[in-house]
Amino acid sequence: MPIPDDVTGHEIDQDVRQELLSLPKTLAEDVARNLVMVARLIDEDPEQAYAYSRIALRLASRVAAVREAAGFAAYATQKYAEALAEFRAARRMTGSVELWPVMADCERGLGRPEKAMAMAGEPEVQKLDKAGQVEMRLVAAGARRDMGQLDAAIVTLQSPELASNAVHPWTPRLRYAYADALLEAGREDEAREWFGKALEADKDGATDASDRLAELDGVEFVDALDDDEDEPVAADADRDDADRDDADRDDADEDGTSQA
């Protein structure tokens, strides 16, 4: 697949470049450029990103960063079994627990929420950093919802991280997930409050909290508009009927004058 000339491969993280040093220079450059394309396209065109990841995988399947990138590209295209296999391979190579939450979410994607819940209770979770633990909490709550345990999902999300006023990269998604669960439980007022809190923290537009708030707050507003619009239409219809009656009378008068 073609790669734009402006992509040099130097754009990737230093840690990844370090991993690629095990490869011959030309091969390392080719792999790096494909990884740049994966990162560049994974949000806007995940299928294309997936295609580039397969090329990188074919060139350097023994590099953990390549397996991880291939996993995320597969995950973005909902190829959960493939993503899980790549994440497991990357974890075997590095020994890191960093991918544990997304591996659990792959289990959800494969229709195995019970497995995701089991992973949420494994010792690996305690080795995650704060961001990873919050991510694991989000996955566990999602698994609870998959199993129809909505109240348990809400409780799972109730944490010091949720209650904190401090804003971290994961804060908008945590507040959003809580609001969404509350809304599904019929707790609309609380949901509106938490969608608002998610929006306050979401400076990068990572969620559609503003749209969800508009839906909640705009229902009556839209109905009111419809009602207002109905009245003039009815009035217009009455005027049209009156105009037609006047026209009919005028025609009748003209006919009477002609006959006279």
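Derivation of every value follows stated rules applied to the coordinates shown; laboratory data play no part. All values derive from a computational prediction rather than experimental measurement. FYI the Cβ positions are ideal-geometry reconstructions off the backbone, even for glycines, and counts take in every protein chain you see.
What relative contact order, as a whole-number percentage, does region 104-148 give when Cα pairs under 8 Å and 6 or more residues apart are counted?
With pairs under 8 Å counted, the relative contact order is 45 percent.
Is the shape of region 1-108 rounded, prolate or oblate, going by the alpha carbon gyration tensor and its root eigenvalues a ≥ b ≥ c, with a/c under 1.5 for rounded and a/b larger than b/c for prolate?
The shape class here is oblate.
Percent relative contact order of region 92-185, based on C-alpha pairs within less than 8 angstrom and at least six residues apart?
Contact order relative to length: 24 percent.
Could you compute the FRET efficiency for S210 and E47, with r as their C-beta to C-beta distance and R0 at 30 Å, rounded to 0.05?
According to the calculation, E is roughly 0.60.
If I model a spin label at V155 and E29 as a point 7 Å from the Cα along the Cα→Cβ vector, what separation in nanometres do I get?
5.9
Where a ≥ b ≥ c are the square roots of the eigenvalues of the C-alpha gyration tensor, would you call region 92-148 rounded, which needs a/c under 1.5, or, failing that, prolate if a/b is larger than b/c, or oblate?
Cα axes put region 92-148 in the prolate bin.
Normalised by the residues of region 28-70, what does the relative contact order come to in percent, with Cα pairs under 8 Å and at least six apart?
Relative contact order here is 38 percent.
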